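What follows is a short report on a single structure.
The values are calculated or read from the model by the stated rules, or taken from the named source; none is laboratory data. Just so you know, these numbers come straight off a predicted model, no measurement behind them. Cβ atoms come from the backbone with ideal geometry, glycine included; neighbour counts cover every protein chain shown.
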Amino acid sequence: IPINNNTFLGEVCLHACVYLPSVTLCSGIGLALCERLLTEESQLRLCLACRNLQRAEAARASLLTSHADASVDLLHLDVGSVQSVLAAAQEVKARYGRIDFLYLNAGIMPNPQVNVKAFFKGLFSWNVINMFATAEGLLTQQDLVNSDGLQEVFATNLFGHFLLIRELEPLLCKTDHVSRVVWTSSSNARRSAFSMEDMEHRNGTEPYSSSKYASDLLSLALNRHKNSQGLFSSVICPGLVMTNLTYGILPSGFWTLIMPIMWLIRIFTNTFTLTPYNGAEALHWLFLQKPESLDPRAKYHSLTSGLGTNYTQPRQMDIDEGTSEVLYSKLLELEKVVRRTLSESNADKESDGQ
Ligand SMILES: NC(=O)C1=CN([C@@H]2O[C@H](COP(=O)(O)OP(=O)(O)OC[C@H]3O[C@@H](n4cnc5c(N)ncnc54)[C@H](OP(=O)(O)O)[C@@H]3O)[C@@H](O)[C@H]2O)C=CC1
Ligand SMILES: CC(C)=CCC[C@@H](C)[C@H]1CC[C@H]2C3=C(CC[C@]12C)[C@@]1(C)CCC(=O)C[C@@H]1CC3
């Protein structure tokens with residue numbers, strides 16, 4: 001499918017609701033990305049990989065309302081479950097011959113708590129703009145262990161995506177074809193929230209920040225290991241966007257009340273993108289770039305000016321090769337462990353059934 005003079009795009013799968021053979025897009029930034037991609041190129045073949053097929057159907061119907069001829073497939077995927085990722089990857093391999101873009105959009109922030117004291121302290125400090133842009137020191141979460149024995153935030157925001165990429169390598173790493181994965185990271189990703197000794201963040205209170213920092217590291221390692229096989233990885237930050245994720249932080253009535261203040265803050269920090277359409281700016285921009293022209297150490301930020309103009313800006317990530325390499329090795333180790341555990345438990349189930 002000719003996109004412009006020299007870009008050809010075939011299948012596009014978005015997971016958690018706009019995957020390019022991998023992205024989650026039932027709502028929020030993912031769905032906005034799908035809308036934008038189809039507006040850009042109506043002939044794309046999208047695959048929405050979602051955990052809730054009812055919501056996925058609704059997303060598909062909404063896309064078809066504005067793009068009647070679009071090709072939008074659905075795939076069941078709970079990226080936080082090892083079994084579901086393996087099954088979804090099998091299905092993708094059966095359905096598609098290659099993947100051009102895999103948008104890794106699914107993300108959770110369970111039980112968020114805002115530190116009100118830190119908020120008011122920050123409000124009257126020189127650090128106020130940084131506080132609004134990154135939420136540093138403002139947010140904590142309570143994480144749980146999932147049925148695979150992994151921390152839920154780590155499993156959903158990082159490890160499930162990693163496993164999916166590993167499973168889809170036959171489609172993503174083809175020497176005669178370039179494939180792209182795009183991580184939706186965050187300005188909240190912070191080195192100090194991440195510990196290599198506790199990569200799942202079992203002991204801390206900032207699993208979201210930790211998981212997003214880990215995705216920044218992993219993207220760098222993927223580029224080092226996979227560029228020669230035609231796979232390129234990029235990281236974006238959508239800015240602060242009003243979605244189900246942010247509505248989970250404060251009651252929606254409160255957000256509505258402070259919306260005029262948010263528009264005002266946008267004059268001082270261009271990171272308040274606020275709408276899913278604006279938040280998808282960097283994702284859309286990356287879609288149009290040649291992968292060789294991108295910086296593997298940059299995070300591409302969706303930004304919106306006080307006057308409402310959208311643009312994408314690369315900013316250097318606080319990451320280093322050594323740490324990214326160690327994380328990559330630890331994820332490969334964990335992959336072996338979860339695969340072994342799963343096959344043992346499947347064998348147990350089979351012998352129980354006999
Ligand atoms: N909103 C913001 O200000 C910011 C968001 N981000 C990131 O952007 C991404 C999109 O979030 P956003 O659109 O804001 O929030 P939403 O909650 O609207 O979207 C998150 C999407 O992820 C899906 N998802 C969550 N868990 C799973 C799972 N286990 N398996 C499959 N899909 C799953 C959700 O599916 P379902 O519909 O079933 O719940 C939903 O479609 C996330 O990674 C988030 O961390 C980053 C920075 C800022
Ligand atoms: C007056 C006003 C705007 C009050 C809101 C204060 C906080 C609730 C927000 C300030 C910065 C925000 C922020 C996020 C959530 C809401 C805030 C903490 C995110 C953490 C949401 C998810 C991300 O990935 C990054 C965001 C950074 C900024």
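So which residues in the stretch 243-257 are in a helix (DSSP H, G or I), within 11 Å of ligand 1 (Cβ to nearest atom) and either loosely packed, with under 11 Cβ neighbours inside 10 Å or touching a residue at least 24 places away in the same chain (Cβ under 8 Å) (or both), if there are any at all? If you could, list the steps in order and put the result at the bottom.
Of all residues in the stretch 243-257, those in a helix (DSSP H, G or I) come to 244-247, 252-257.
Next cut, within 11 Å of ligand 1 (Cβ to nearest atom) only: 244-247.
Result: 244, 245.
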Residues that are within 10 Å of ligand 1 (Cβ to nearest atom) and part of a helix (DSSP H, G or I), drawn from the stretch 66-95: 84, 85, 88
How many residues are away from ligand 2 (no atom under 16 Å from the Cβ), charged (D, E, K, R) and either modelled with pLDDT under 95 or surrounded by fewer than 21 Cβ atoms within 10 Å (Cβ to Cβ) (or both) when one looks only at the stretch 157-205? 8
Does any residue of the stretch 92-104 turn out to be of a type outside the set (Phe, Trp, Tyr), at pLDDT below 95 and within 30 Å of residue 289 (Cα to Cα)? yes
Please find, within the stretch 91-108, the residue that is farthest from ligand 2 (Cβ to nearest atom) out of those that are surrounded by fewer than 23 Cβ atoms within 10 Å (Cβ to Cβ) and in contact (Cβ under 8 Å) with a residue 60 or more places away in the chain. 97
Residue pairs, Cβ under 6 Å, 6 or more apart or interchain, first in the stretch 49-67 and more than 16 Å from ligand 2 (Cβ to nearest atom), second in a helix (DSSP H, G or I). List them. 50/56; 59/31; 63/34; 67/38
Given the condition out of contact with any strand residue (DSSP E or B) (no Cβ under 7 Å at 6 or more places or on another chain) and away from ligand 1 (no atom under 16 Å from the Cβ), answer yes or no: does some residue in the stretch 56-65 qualify? yes
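Would you check if there is a residue in the stretch 214-225 being within 13 Å of ligand 1 (Cβ to nearest atom) and not hydrophobic (A, V, I, L, M, F, W, C)? Break it down stepwise before answering.
The initial filter retains those residues of the stretch 214-225 that are within 13 Å of ligand 1 (Cβ to nearest atom), namely 214-216.
Of the ones still in play, those that are also not hydrophobic (A, V, I, L, M, F, W, C) are 215-216.
For the stretch 214-225, residues within 13 Å of ligand 1 (Cβ to nearest atom) and not hydrophobic (A, V, I, L, M, F, W, C): present.
Quick check on residue 135: is it of a type in the set (Gly, Ala, Ser), within 15 Å of ligand 1 (Cβ to nearest atom), within 21 Å of the chain's Cα centre (by Cα) and farther than 27 Å from residue 255 by Cα?
Details: of a type in the set (Gly, Ala, Ser): yes; within 15 Å of ligand 1 (Cβ to nearest atom): yes; within 21 Å of the chain's Cα centre (by Cα): yes; farther than 27 Å from residue 255 by Cα: no.
Considered against the rule, which asks whether it is of a type in the set (Gly, Ala, Ser), within 15 Å of ligand 1 (Cβ to nearest atom), within 21 Å of the chain's Cα centre (by Cα) and farther than 27 Å from residue 255 by Cα, residue 135 comes out as no.
Among the residues of the stretch 302-309, is there at least one that is in contact with a helix residue (DSSP H, G or I) (Cβ under 7 Å, 6 or more places away or on another chain), at pLDDT 95 or above, within 12 Å of ligand 2 (Cβ to nearest atom) and not in a loop (DSSP other than H, G, I, E, B)?
Taking the stretch 302-309 as the starting set, the residues that turn out to be in contact with a helix residue (DSSP H, G or I) (Cβ under 7 Å, 6 or more places away or on another chain) are 302, 304.
So of that shortlist, the ones also at pLDDT 95 or above come out as 302, 304.
Filter once more, keeping what is within 12 Å of ligand 2 (Cβ to nearest atom): 302.
Filter once more, keeping what is not in a loop (DSSP other than H, G, I, E, B): 302.
Among the residues of the stretch 302-309, at least one is in contact with a helix residue (DSSP H, G or I) (Cβ under 7 Å, 6 or more places away or on another chain), at pLDDT 95 or above, within 12 Å of ligand 2 (Cβ to nearest atom) and not in a loop (DSSP other than H, G, I, E, B), which makes the answer yes.
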Restricting the stretch 263-277 to residues that are farther than 21 Å from residue 28 by Cβ and without any contact (Cβ under 8 Å) to a residue 40 or more places away in the chain, the one farthest from ligand 2 (Cβ to nearest atom) turns out to be 267
List every residue pair whose Cβ atoms sit under 8 Å apart, with the two residues 6 or more apart in sequence or on different chains, where the first one lies in the stretch 279-299 and is outside any loop (DSSP other than H, G, I, E, B) and the second, anywhere, is acidic (Asp, Glu) and surrounded by fewer than 17 Cβ atoms within 10 Å (Cβ to Cβ). 284/40; 287/40
How many residues does the stretch 226-242 hold that are part of a helix (DSSP H, G or I) and crowded, with 18+ Cβ neighbours inside 10 Å? 1
Does residue 114 satisfy the condition of being of a type outside the set (Lys, Arg), free of Cβ contacts under 8 Å to residues at least 60 places away in the same chain and either within 30 Å of residue 251 (Cα to Cα) or in contact with a strand residue (DSSP E or B) (Cβ under 6 Å, 6 or more places away or on another chain) (or both)? no
Return the residue satisfying two criteria in turn: it lies in the stretch 280-301 and is closer than 17 Å to residue 36 by Cβ and among the hydrophobic types (A, V, I, L, M, F, W, C), and of such residues it is surrounded by the most Cβ atoms within 10 Å (Cβ to Cβ). 280
